Amino acid sequence: MRSHQHSVDGRGVVDPDDVKRALRPKTKLITIMTANNETGIVQPVDEIGKIAAEADVYFHTDAVQAAGKIRIDVNKIGCDLLTISGHKIHAAQGSGALYVRKGTLLEAMLYGGSHERSRRAGTENVPGIVGLGIAAEIARAAFERGDDRKMAAMRDQLEIALRHIEATGTNGEAAPRVPNTATSISITSKVRRW
């Protein structure tokens, strides 16, 4: 199976029309990160979800960097599959979740048990599952308090201060971002060697 990789714009945002142009008759799956782990740029996954639905193509989004930082609504996104990792929202390392929209067909990779609706064999990590659920509840409460907006304001204040440093530049500042990731600040002049 051949994948089609396309560039992003100067801010680091994928163009949904580029995704649409990349579709081929045999395309089965579109997958994209909700938020980039290096830049924090949030991709237009809801628009890409509409494109996938119109083309009758499965749509997966990797929401590992977005979970707990921005609100995630699988119905608004229109994804068939969504993945998160527990340690990114302060749950145990090695825990995670896969959202599967009803009607999405998945084939088991390992056989031997009927766990996870026969999608995976093996004993479930009950403490990890409970911890992930509690971490998700804590993240939801933080949204209700407006912690995401407070964090974004602190991030913006830091970036403003950093831009006052001579010979610095920013990448992706006009793009939508998760509140916990500062825009990439780069030094544009030669660094003096000691």
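The values are calculated or read from the model by the stated rules, or taken from the named source; none is laboratory data. Values in this document were obtained by computation on a predicted structure and should not be read as measured data. All Cβ positions, glycine included, derive from the backbone under ideal geometry; neighbour counts span all protein chains shown. Surface areas here come from the heavy atoms of the whole protein model, side chains and all, with no ligands, DNA or RNA. Shrake-Rupley method; radii C 1.70, N 1.55, O 1.52, S 1.80 Å.
Before moving on, here are some points about what is shown:
- For beta carbons closer than 7 Å, sequence separation of 6+ or different chains, a first residue in region 53-69 that is polar (S, T, N, Q) and a second that is assigned to a helix (DSSP H, G or I), the qualifying pairs are THR61/VAL45; THR61/ILE77; GLN65/LYS88.
- Only listed residue being in contact with a strand residue (DSSP E or B) (Cβ under 6 Å, 6 or more places away or on another chain) and among the charged types (D, E, K, R), chosen from ASP62, ASP46, ASP56, ASP73: ASP62
- Within region 32-50, restricting attention to residues that are surrounded by 20 or more Cβ atoms within 10 Å (Cβ to Cβ) and either within 15 Å of VAL19 (Cβ to Cβ) or hydroxyl-bearing (Ser, Thr, Tyr) (or both), the residue that is nearest to the chain's Cα centre (by Cα) is THR34.
- The residue that is least open to solvent (accessible area, probe 1.4 Å), among those in region 158-184 that are modelled with pLDDT under 85, among the β-branched types (Val, Ile, Thr) and more than 22 Å from the chain's Cα centre (by Cα), is THR168.
- Those residues of region 52-69 which are over 10 Å from the mean Cα position of the chain (by Cα) and open to solvent by 20 Å² or more (accessible area, probe 1.4 Å), in sequence order: ALA53, GLU54, ALA55, ASP56, TYR58, HIS60, GLY68
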